[in-house]
């Protein structure tokens, strides 16, 4: 199992060999999105948006998004959807990497998500910082 926890969808996966050529899948997929069993193993459940990020975040994103897996899979194409996807991955990485090094503590992720909700510019910047940390996460 690849121990890297990728953020939502980034550049490219390592090469895979076909019969006569080397091909690259077009995008990396979020490790956590594709391994909900590992989310449960890590935090004891699929988590909840309100329980993980607070009432403000739950209210901002509405009732359709209940779990961290929902956050990872959300289809919003705006900066707030990016913030939620990358923030959820960062939150899980911060929990999973307690003994390893990750750029954010769990509380720091929560605080940064709330700050990201204050404006579009803040959401864009914070989502990008989470993405960078998620891509660099190796444990």
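The values are calculated or read from the model by the stated rules, or taken from the named source; none is laboratory data. What you see is a predicted model; the values in this text were computed from it and never measured. No Cβ is skipped: glycine too gets one built from the backbone with ideal geometry, and neighbour counts run over all protein chains shown.
Here are the numbers for this structure:
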item	result
The lone exception for residue 75 - which of (1) more than 14 Å from the chain's Cα centre (by Cα); (2) surrounded by fewer than 21 Cβ atoms within 10 Å (Cβ to Cβ) it fails	(1)
Residues of region 72-89 that turn out to be over 15 Å from residue 134 (Cα atoms) and in a helix (DSSP H, G or I), as a count	4
Residue check for residue 95: assigned to a helix (DSSP H, G or I), touching a helix residue (DSSP H, G or I) at 6+ places or on another chain (Cβ under 7 Å), within 12 Å of residue 52 (Cβ to Cβ) and at pLDDT 95 or above	no
Residue list for region 107-126, filter: in a helix (DSSP H, G or I) and farther than 13 Å from residue 91 by Cβ	115, 120, 121, 122, 123, 124, 125
Residue in region 51-65 that is part of a loop (DSSP other than H, G, I, E, B), surrounded by fewer than 17 Cβ atoms within 10 Å (Cβ to Cβ) and touching a residue at least 40 places away in the same chain (Cβ under 8 Å) present	yes
